[in-house]
Structure formats: structure tokens, C-alpha cells
Amino acid sequence: MAKLKNIIKQLTNEDYQAIHTSLQESSADKSSYLLKSLRERQLSDNKIMDELGVNTNAYYTLRSRLNQKIEEYLLQQMESPRTDILKKVANINEIIFTKKKAIAIATLKKLEKELLDYDLSNELTIVYKSLKKLHINAPDYFNYSQSYNKHVAYMLALDKAEDLLAQYLQKYGNYTLTGSEIEKMGLTVLAEEMDNVCRLYQSHRLYVYKSCMMVFHKLFVLKDEEAGVDEEPVEDALDKVEQIFESYNLDPIYYHLHLAFEFLKLEYYNHYKVYRKAEKYFEEVNDATSSLLSNYSLFIYPARFLISKIERSMRLGTEGELYSESEGLFLGYEPDKDDVPKYITYVIYRALCCYYAEKYDESARWINNLLNEMSLKKFPELLLEIKMILALQYCMMHDFDLFSQLINSVQRQLRLIGKVGFNHIIILTKILRTSMNEGKKNKEAKIKSLIGRIGKINVPYFVPTSLIKMDEALVSALSR
């Protein structure tokens, strides 16, 4: 909420009035009231909710919509200079056919400078192609030909960098499902190829794309000891990208990528357990969860935020609040079932939100729908994890028949793939069986003893069972 208040207070009077008028004209009365309250009145959130007559969830949704409206307005204001440049590029032929040669050349050279400032390689190739033709009988023809060839190659390098980043993130998703060393090797090969492409040109845009990949690679793929001593430290890369964003503050791509790097900063501080600094970035990323999942998969792996969000709530003891927040958090989000790793993470997140709110039946429904919608036979380790989460819900619901069927299925699967590396699954199976055994004596002590043996789960693939808080509340619930 602090972020939204700060944005509203920093709006110029002209921008504030324009947004307020726009909201009133579109009959968004509650949004315009919220905007005015945050700008002109010192009211608490509870007081605003009372005056609007909305509950916490509706207030969260209203706040999210207002934030989106403000961002859309600011983006529109920001894009206008760039839009003017693009219109000029579209009118190049008109200039060539209607203006004298000297005027046409002067116009194109001015346009060249503006495009270089924005680093718009596609449009620069059009300008250089035109300048090259206009100088066909002059010595500068060679120079413009070289500039044209250089920017065609640079444009291809940018396309290649964007493709490599998208391929890397897709492969990382598969890596989270398997933990395969082959997938890890493929990620490292893509990282090396990205580094080679970006060495070809001194380009801030290539540096930003490279940083998206390299920061993520160091945080989630490489172990700390695997990072090269000559490589740029993560914090230095994040600071440099921030400077680039400030220098090119009218660039719409950088405007959106700001959120991606806020996410990377959050994960960087989480990785090194500097949680006080991580909190600085959490709210902004959290407010944009739906947008992050929907629109940023080509630049970061947004599903990772859902895991970090549960881990944070477990650390702070606020996991019970996740469920009530979910409706507003995913407003407008349509899960992409073709993106299997992200969809699985999303469903597990929703199921665990239900679990922590003690809505075990709803949690089981999320997981059963997932198991019915897609085959996970290619990911046996993850399938075991998901089944254990489902078994926990049946245990909490005291549904002995469904629990027995499922736990027997888990044990058959363990026999088929081997028990090595699945100690936590074996122990969790024993915990749940102990809980469901009506005649078991000293149940609480036995469950506590077993939980103490689980230890730290340290595997490279996605481990949903690690997001179950093994605390006194769980022991008490399982002992009843």
C-alpha cells in the first residue's frame, strides 16, 4: 500500500487532475474516491474501507485496479515522444519524395540521432538505408552502407539475445520439474551463448537482456562456488541496470522491465537471507503478481515468486493470510496450461493457500484437477511430491479410504523408481500413516520424532512438500 500512496503523492497536480477526471468520466466512483483519499486525506486503510463499504479482498482489488490505471496513464505520457519518432520513421518516403535533397538529408540525420538515443535498431536500419541511397553519388555512401550493415547485424544480435533469454527460461522451467544435470548443462550452454552474443556490441540493451539471464542463472542454477571469480557480481549488475533505466527513462521496454529487475533484487536478497532489504521490493512485486505471471515469462521465471511468497509467509508466520489475498492477487490472470512448469507451480500455490486456511477440501480439488488435466508421468519425482500434498489434505479431512488408495499408490511408485533420494517422502508417508492410525499410542511424540528426521530437503527440482510448515500446529493437527 505504501508504494501506491507514494506514487499518488508524487503525481503532479496536472497528472492527478487528469487521472481523477478520467476515473469520474468512466463512472469509477470508488476508484476516484480512493485516489482522492490517498492524495488529500490522511485516512487509515480501515477507515477508507468503512467509507467505501467494502471488505479487505474488495479493497485489495480496488487498489490494484487504481494502481493499474495510474500506470497506464503514466505510460501513455511517457510513450508520446517515442511515438512521434516512430511516426517520423513511417513518413521517411514522404520526406524523400516531397522535400529537397538537402532538407531530406538533414531531417534523416536528426532522426538518426534521436533513434540512437532510444537504441531503436530496427528503425535505424530504415534511416541508414535511405541515407545510403541519397548519397549514392557521394563519398559518404560507403559510410552509410557500413552503418546500415552494422545495424542490420546489431538488430539480428538483439533478436538472438531475446530468443536465447526466452529459450533459457523455458528450459529452466523444465529443469525445475526434473533437476536433470542434462537440463542444467543446457542452461549453462545458453548462458555462455548469450555472453558471446553480447560481447559483439557495446549495447546497454544487450547488457540488460544478458543481466536478466545471468542474475537468474547465478541465483537459481549455479551453486555459489560454481560462479567464476572474474564474473561481474550480481549486485554490481543490478546497480548498472538501474542506472541504464534512469538514463533511458522514456524507453517503454525498460519501463516494464523495471518490475522484472525488482523481482530479481527481491530474489537476490532472499537468496542471501538479507530479508530486511528483500522487504523493500516485496510489495511492488506482490501487487503486480497477475501481470508478472501473465506478461513477463519471456524475461524472467515469474512462477519462482509464488514459491518465495510462501517461504516468506512461513518465515513471518502469515501463511494463514495467503488465501484471503488470492482472489485479488490473481484478478484477470488466466493460467496458461501449455506452460506446464508455471501452471503446476501456480496450482500448488493455490492448493497450499487453501491448506493454510484449513480449506482442505478445496485444496484437494485444486490438486485433483491438476492430476486429471495433465499427465505427469515424465516427472515421477514431482508426481510423488504432488501426491504427498494431496495425501496430507485427505489426512486432514480424515478421509481414510481416499488416503489409503493414494498412499498405496505412492508406495508402489517408490518401489518402481527406487527409494534413493526420497527419504523425506518415506518419512512423510510414515507421519501421515501414524496420524491416520486410530489405535496408535503416543501419536504426538511419534510424529514429532519423525518430523525431526526429515531434515533439510536439498534437491534442484521443485519440492512442494518443503512448503509444508513442520511446526507444533501441524503436529497437533495430525495427532488429533
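No value in this document is a laboratory result; all are computed from the given coordinates. These numbers were taken from a predicted model, which means no experiment stands behind them. All Cβ positions, glycine included, derive from the backbone under ideal geometry; neighbour counts span all protein chains shown.
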If every Lys and Arg gets +1 and every Asp and Glu gets -1 at its Cβ, then about the Cα centre the chain yields a dipole, in debye to the nearest 20, of 800
Förster-model FRET efficiency, 25 Å R0, Ile85 and Ser294, C-beta, rounded to 0.05: 0.30
Mean Cα-pair separation over length for region 2-155, i.e. relative contact order, pairs under 8 Å, 6 or more apart, %: 14
Honestly region 197-307 on the Cα gyration tensor test (a ≥ b ≥ c root eigenvalues; a/c under 1.5 rounded, otherwise a/b vs b/c for prolate or oblate) is just oblate
FRET E, pair Leu331, Asn137, Förster distance 56 Å, beta-carbon r, rounded to 0.05: 0.35
Long-range amide H partners of Lys469, meaning residues 5 or more apart or on another chain whose placed amide H is closer than 5 Å, are none
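Normalised by the residues of the chain, what does the relative contact order come to in percent, with Cα pairs under 8 Å and at least six apart?
Answer for the chain is 12 percent.
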Evaluate 2.2 N^0.38 Å with N set to the residue count of region 2-155, then give the Cα radius of gyration divided by it. 1.63
Can you compute the modelled spin-label distance between Met155 and Ile417, with each label point 7 Å from Cα toward Cβ, in nm? 4.7
Largest first and to the nearest Å, give the Cα extent of the chain along each principal axis. 97, 58, 39
Between Glu181 and Tyr201, what is the spin-label point distance in nm, taking each point 7 Å from the Cα along the Cα→C-beta axis? 3.8
Extension length gain for Tyr272 and Val189 (0.36 nm per residue less Cα distance), in nm, is 27.3 nm
Residue separation between Asn57 and Glu279 times 0.36 nm, minus their alpha-carbon distance, gives in nm 77.7 nm
